[in-house]
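Engineer: Okay, here's the structure, questions in a sec.
The values are calculated or read from the model by the stated rules, or taken from the named source; none is laboratory data. In this text, all values refer to a predicted model and were calculated from it rather than measured experimentally. Accessible surface areas use protein heavy atoms only, side chains included; no ligands, DNA or RNA. Shrake-Rupley method; radii C 1.70, N 1.55, O 1.52, S 1.80 Å.
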Amino acid sequence: MNQVDYLRISLIDRCNFRCQYCMPEGTELDYIFKQNLLTDEELLTLITEVFIPVGFTRFRLTGGEPLLRPQVVELVRNIASLPETQDMSMTTNGFLLAPIAQSLYDAGLKRINISLDSLDADTFDLIIGNRGRGRWQAVWEGIQAAYQVGFNPLKLNVVVIPGVNDSEILDLAALTIDKQWHVRFIEFMPIGNGDLFSDRGWISSEELRQRIRNRWGLTESQVRGNGPADIFQIPGAKGTLGFISQMSECFCDRCNRMRLSADGWLRPCLLNETGQIDLKGALNGGVSTAELRQQIKHLLTIKPEINFKQRDSGNSTGIYTRTMSQIGG
Ligand code: SAM
Ligand code: SF4
């Protein structure tokens, strides 16, 4: 059984983009009320008194859009400075990144994943929704700033949608040739985006690899590594290509993570709500941190069973109704 030591923490469920594949415009989302978000203090209590003592040492901040969280730099500093924190990272859309990239780095964030689904500003607008028009440039500046500041690894996440951005696969892969950037292609999942997924379908990692192989060749750098990605490289490239194949492969057997939602629900599996614990409710209801540690230890023992049941929790069409932004992607 994998050691589960990695916690993905959603700082906020809101976002300044409305990506078609994540929280499509027109979908009514039940946002968490501000007073129901975990406070900074509650989050730090949970990390220091509950998660670290049961063995979590690696933390990723995500959302929604984590950079919308007030005092995010301070929060990063507080988590990164804990002696037990071995790894601290963030997944962001990059829109607000450029002006604070240096402060985040100085606060202890050394690794970052930035979503970049297209190199074409119009396609990018189409993907991120009308509210985000004209934002490609700011995201690109965020990526450049992260590179200048020295984030390492600097990963670019691409969700591939047939007929929308799959024609750009080679251009996106080519970003890894001259710079030590790591592009990760993520198979499109039917989570919270029913119509788009039903209309477009998805493309497998193997098909993407074949297209890249035909152009440059592809060497296996690290297959079945520590995380969910299979890592490859264009021969001679400085960076790598990662493929996250949660649709075409089941990688439950190497799942090493749990997710904490912005309102304090701990979820052992992305696609399954079995076993989740309301940690904010418990803290506010006077449950001791010692008791919460016991509950999480128990959850860790049953997590493998929960993972392998994952696909049971979709509805009859196989579409999951909660969005990635709500679960904490
Ligand atoms: N807002 C940040 C961002 O976009 O990077 C962080 C949160 S977002 C939910 C985290 C990751 O989930 C992003 O890389 C995004 O592309 C991915 N994601 C969201 N919806 C997805 C879907 N339906 N299928 C595959 N990946 C998805
Ligand atoms: Fe926002 Fe990220 Fe979801 Fe896009 S993928 S809508 S940027 S949370």
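Engineer: Report, please, the projected area of the range 168-266 averaged over directions, based on the convex hull of its C-alpha atoms, in nm².
Structural biologist: 7.8 nm²
Engineer: Which percent of the accessible heavy-atom area of the chain goes to carbon and sulfur, probe 1.4 angstrom?
Structural biologist: Of the solvent-accessible surface of the chain, carbon and sulfur hold 48 percent.
Engineer: A follow-up question, please. Let me check something: with ligands and nucleic acids excluded, how do W181, W216, W202, W136 order by accessible area (1.4 Å probe), largest to smallest?
Structural biologist: W202, W216, W136, W181
Engineer: Keeping all protein chains in place and using 1.4 angstrom, which order do L97, L300 fall into by accessible surface area, from largest down?
Structural biologist: Of L97, L300, the descending order of accessible area is L300, L97.
Engineer: Moving to a separate point now. Give the accessible surface of the chain per residue, rounded to a whole number of Å², with probe radius 1.4 Å and ligands, DNA and RNA excluded.
Structural biologist: 42 Å²
Engineer: Then there's this: Using the Kirkwood radius over C-alpha pairs as Rh, can you work out the diffusion coefficient of the chain via Stokes-Einstein at 4 °C, viscosity 1.567 mPa s, in µm² per second?
Structural biologist: The estimated diffusion coefficient comes to 64 µm²/s.
Engineer: Another question, then. On a 22 Å Cα-Cα criterion, which of the cross-link pairs K155/K280; K110/K179; K34/K280; K155/K179; K155/K297; K110/K303 come out too long?
Structural biologist: Among K155/K280; K110/K179; K34/K280; K155/K179; K155/K297; K110/K303, the Cα-Cα distance tops 22 Å for K155/K280; K155/K297; K110/K303.
Engineer: Would you list the membrane-span-like helices of the chain, meaning whole DSSP H runs whose alpha-carbon atoms span at least 18 Å along their axis and whose mean Kyte-Doolittle value is at least -1.0?
Structural biologist: Answer set is 136-149, 289-308.
Engineer: Return one quarter of the surface area of the convex hull spanned by the alpha-carbon atoms of the range 2-155, equal to its mean projected area, in nm².
Structural biologist: With the hull built on Cα positions only, its mean projection is 9.7 nm².
Engineer: Also: Only helical DSSP H runs with n ≥ 4 go in: add -39500 (n - 2.57) per run for the chain, normalise by residue count and round the 222 nm mean residue ellipticity to 500 deg cm²/dmol.
Structural biologist: -9000 deg cm²/dmol
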